[in-house]
1. Looking for something part of a helix (DSSP H, G or I) and at pLDDT 85 or above - is there at least one such residue anywhere in region A:88-102?
2. When both residues are 6+ apart or on different chains and their Cβ atoms are under 6 Å apart, which pairs have a first residue that lies in region B:12-27 and is closer than 17 Å to A:Ala87 by Cα and within 14 Å of chain A (Cβ to nearest Cβ), and a second that is within 9 Å of DNA strand C (Cβ to nearest atom) and in a loop (DSSP other than H, G, I, E, B)?
3. So how many residues does region B:1-43 have that are under 16 Å from the mean Cα position of the chain (by Cα), more than 10 Å from DNA strand C (Cβ to nearest atom), in a helix (DSSP H, G or I) and not β-branched (Val, Ile, Thr)?
4. Taking the criterion of being crowded, with 18+ Cβ neighbours inside 10 Å and more than 8 Å from every other protein chain (Cβ to nearest Cβ), would at least one residue in region B:95-108 satisfy it?
5. Run A:Arg84 past the list (1) over 27 Å from B:Gln71 (Cα atoms); (2) crowded, with 19+ Cβ neighbours inside 10 Å; (3) touching a Lys or Arg at 6+ places or on another chain (Cβ under 8 Å); (4) not hydroxyl-bearing (Ser, Thr, Tyr) and report the number of the one that doesn't hold.
6. Go through (1) surrounded by fewer than 17 Cβ atoms within 10 Å (Cβ to Cβ); (2) within 12 Å of DNA strand C (Cβ to nearest atom); (3) assigned to a helix (DSSP H, G or I) one by one and return the number of the condition B:Thr59 breaks.
7. With the requirement that a residue be more than 10 Å from DNA strand C (Cβ to nearest atom) and assigned to a helix (DSSP H, G or I), what does region A:44-54 give you?
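The values are calculated or read from the model by the stated rules, or taken from the named source; none is laboratory data. Keep in mind that this is a model prediction, so the values were computed, not measured. Cβ sites come from the backbone with ideal geometry, for glycine too, and all protein chains shown count toward neighbours.
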There are 2 protein chains.
Amino acid sequence: MGPTADRAELASRFRAHGLKATPQRLAIYRALLQTFEHPSAETLFRRVRRTMPSLSLGTVYKTLDSLEAAQLITRLSGVEESARYDAKLEPHHHLICTRCKKVIDVTVPDLPAPAQLGAFEITGVHVQFLGHCGDCLKGERI
Amino acid sequence: MGPTADRAELASRFRAHGLKATPQRLAIYRALLQTFEHPSAETLFRRVRRTMPSLSLGTVYKTLDSLEAAQLITRLSGVEESARYDAKLEPHHHLICTRCKKVIDVTVPDLPAPAQLGAFEITGVHVQFLGHCGDCLKGERI
DNA sequence: ATAGATGCAAACTATTTGCATTCAA
DNA sequence: TTGAATGCAAATAGTTTGCATCTAT
């Protein structure tokens, strides 16, 4: 695991997850491994296309979906497909059901500040617990 | 503060923030105060339109923007305008610059589980520290 | 050989914008 | 009265889908 993995390493990682090791996938995954900036699909597309001009944006989206499903990559807080609003202003956090998108308020004891802060000035914290709500657990198999 | 506030209370809350107290805004804000389900703009639109058929979806979006700017409501983890991906799988969290959307990895000591869990099964936690990064602090006034 | 992946275009969803009209202050 | 807010329509951004072609296994 890591940004220095070679082609064969990455290819077998794909096959272990039932994914074919295509050049597009390898390039997209490699580009994501090589950066720390949490890029968007569009950013990866522009970057990978430089060395693979035939690449299409649709392939980037499909690839990111496959890699996420295989748990080789993660999507940042990508639970909501549309913005969700809250009129409750007291500090609180959320349980988010990744199946039905339900959001439930919870309170959490105060959080210790992160260590490696550098010059970053924190103005707020948002904690999301992801999982499955009672209704979804009750229903079909998860 | 709270879902039982009456019209005059809400209206003066708006004026205190320099917002005109229009019937649309009052209705949208009231609808958001009255629910715990963290609705989307579309959901609020459908709900409020039942008693105010002339309401437009555009007004709902503009109103939510105004209320958020006035800090009367919050938007759930609404930092990214597009999905952002990460190939780092070790548990970690993020500093998110709300100005330039930069995302920086951080590690945080283990989090205590929330108290009021009920039937919810937690599969993961994501902590987002919101604020301003060094580059943005250095630049123009915040 | 063949299931699955790609590329392209069209479709779709969420959101924003422009502008004429209306309204709260 | 007047600047801000509304409603409507058109525009945009991000993402998904359908389908013919191609390719890794």
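1. Kept after step one, since they are part of a helix (DSSP H, G or I), are these residues of region A:88-102: none.
No: zero hits.
2. Here the result reads B:Phe14/B:Ala21, each pair linking region B:12-27 to a residue that is within 9 Å of DNA strand C (Cβ to nearest atom) and in a loop (DSSP other than H, G, I, E, B).
3. Narrowing region B:1-43 to residues under 16 Å from the mean Cα position of the chain (by Cα): B:28-43.
If we keep only those that are more than 10 Å from DNA strand C (Cβ to nearest atom) too, we end up with B:28-39.
From what is left, the residues that are in a helix (DSSP H, G or I) are B:28-33.
With the extra rule that they be not β-branched (Val, Ile, Thr), the set shrinks to B:29-33.
Total meeting the criteria: 5.
4. Yes; the residues of region B:95-108 include at least one that is crowded, with 18+ Cβ neighbours inside 10 Å and more than 8 Å from every other protein chain (Cβ to nearest Cβ).
5. (1)
6. Checking B:Thr59 against (1) surrounded by fewer than 17 Cβ atoms within 10 Å (Cβ to Cβ); (2) within 12 Å of DNA strand C (Cβ to nearest atom); (3) assigned to a helix (DSSP H, G or I), the one that fails is (1).
7. Taking region A:44-54 as the starting set, the residues that turn out to be more than 10 Å from DNA strand C (Cβ to nearest atom) are A:44, A:46-47, A:50-51.
Within region A:44-54, A:Leu44, A:Arg46, A:Arg47 qualify.
Here's the yes/no breakdown for (1) surrounded by 14 or more Cβ atoms within 10 Å (Cβ to Cβ); (2) modelled with pLDDT under 95; (3) of a type in the set (Val, Ile, Thr):
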{"residue": "A:Phe14", "(1), (2), (3)": "yes, no, no"}
{"residue": "A:Leu19", "(1), (2), (3)": "yes, no, no"}
{"residue": "A:Thr22", "(1), (2), (3)": "no, no, yes"}
{"residue": "A:Arg25", "(1), (2), (3)": "yes, no, no"}
{"residue": "A:Ile28", "(1), (2), (3)": "yes, no, yes"}
{"residue": "A:Arg47", "(1), (2), (3)": "yes, no, no"}
{"residue": "A:Ser54", "(1), (2), (3)": "no, no, no"}
